[in-house]
Amino acid sequence: MSENPVNVAVIGIPEQEEKRLQAAFKHSETRATTYVFAELNARPDILMVNADEPSALVQWRQYRDRLDNSGLAIPSSVLVSQNREFQTKHYQVRRPLIASRAISILDQVASNELGLSSDVAFSATSQPTSATAGSQPAPSVASSSYAALVVDDSLPVRIQLDQALKRFAEKVDFAETGEEAFELINSNTYDLIFLDVILPGVDGYEICKVIKQGKAKETPVIMLTGNSSPADRIKGKLAGCDTYLIKPVGEAVFQEVVQNYLKKPRAVGSATV
């Protein structure tokens with residue numbers, strides 16, 4: 001943990017979301033920027049407010065007024081909401097408030113308001129796959145219309161991919177199991193799907209087979225694995241995956257793979273998973 005962690009206080013955040021924040025803060029102990037919970041009377045660095053709860057908004061406003069009347073600095077605020085967008089200078093984040101999304105918005109606040117920098121980055125030392133060997137990093141895709149789904153039960157990997165996909169995709173959704181992935185795929189359209197091989201319950205190969213038989217059958221599926229052996233590649237090919245990324249993922253490899261598949265036209269089927 002860093003010597004000067006960023007103190008985060010919450011107003012009206014439900015218990016389940018607090019648990020997700022606890023997981024995110026625990027992970028942050030391995031990073032240069034560390035987040036910890038703080039009480040309101042401890043003058044936190046950042047406030048996270050449940051903007052869907054009127055009483056929480058009232059408490060937030062009263063707290064800020066009290067600080068202002070006392071001549072004290074008012075912490076930066078993050079408004080958490082299900083589907084509302086506010087005309088406000090404050091930071092906003094949409095629900096579901098998953099750990100990776102929470103870290104992402106807190107990193108923005110810490111960077112912009114507190115002068116801290118996030119150290120979440122891809123490994124620069126991982127080796128390229130055969131499809132990308134010898135290539136140079138590709139420029140970012142200049143579009144805000146792309147959407148991606150990340151299916152991985154590892155919080156650090158989800159945070160890593162969330163950070164890396166910001167330059168490519170406007171929307172990034174996350175699932176930790178196959179069941180969650182199928183639910184998201186049935187109600188959304190994605191341009192890329194990142195799928196971990198080892199998941200709770202059904203493994204990534206079986207999930208990939210189902211995806212490739214449903215409405216997302218034309219969507220590129222990029223398997224994430226820690227050990228891409230010849231046997232793994234055969235299983236992946238049989239399952240219908242489009243390519244592999246070996247963890248830890250190299251930034252140059254990641255950019256080229258994403259560029260490659262976002263340039264390809266995609267047709268959407270009509271069947272459901």
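Got a sec? Which residues in the range 239-257 would a label at Glu206 touch, if it sits 7 Å along Cα→Cβ and we count backbone N under 16 Å? Label zone hits: 239-240.
Put simply, the amide H of Tyr91, placed in the peptide plane, has neighbours under 5 Å in Ser77, Leu79, leaving out anything fewer than 5 places away on its chain. Under 20 Å from a point placed 7 Å out from the Cα of Ser187 along the Cα-to-Cβ direction: which residues of the range 18-37 have their backbone N that close? Counting only backbone N, you get 18, 20.
Here the label points at Glu39 and Gln22, each 7 Å from Cα along the C-beta direction, are separated by 1.8 nm in the simple model. Here the dipole of the range 140-190 is about 400 debye; that uses its Cα centre as origin and unit charges on the Cβ of Lys and Arg (positive) and Asp and Glu (negative). Taking the Kirkwood radius as Rh and the Cα radius of gyration as Rg, the range 6-114 has a ratio of Rg/Rh equal to 0.94.
Placing R0 at 22 angstrom, the Cβ-Cβ distance between Asp68 and Leu114 gives a FRET efficiency of 0.65 after rounding to 0.05. Highest mean packing first, where packing is the average number of other Cβ atoms within 10 Å per residue, the peptides 100-109, 202-211 line up as 100-109, 202-211.
With the Kirkwood sum run over all distinct C-alpha pairs, the range 147-262 has a hydrodynamic radius of 13.9 Å. Taking θ as phi - 60° and the Karplus parameters 6.51, -1.76 and 1.60, the scalar couplings of the range 15-23 work out to 4, 4, 6, 4, 5, 5, 5, 4, 5 Hz in sequence order, x denoting glycine and proline. A simple count of charges around Ala231, restricted to other residues whose Cβ falls under 14 Å of its Cβ and scoring Lys, Arg +1 and Asp, Glu -1, yields +1.
Coordinate-derived values only; no laboratory data. Since the structure is predicted, the reported quantities are computational estimates derived from the model, not experimental observations. Quick reminder, even Gly has a Cβ in these numbers, built from the backbone with ideal geometry, and neighbours come from all protein chains shown.
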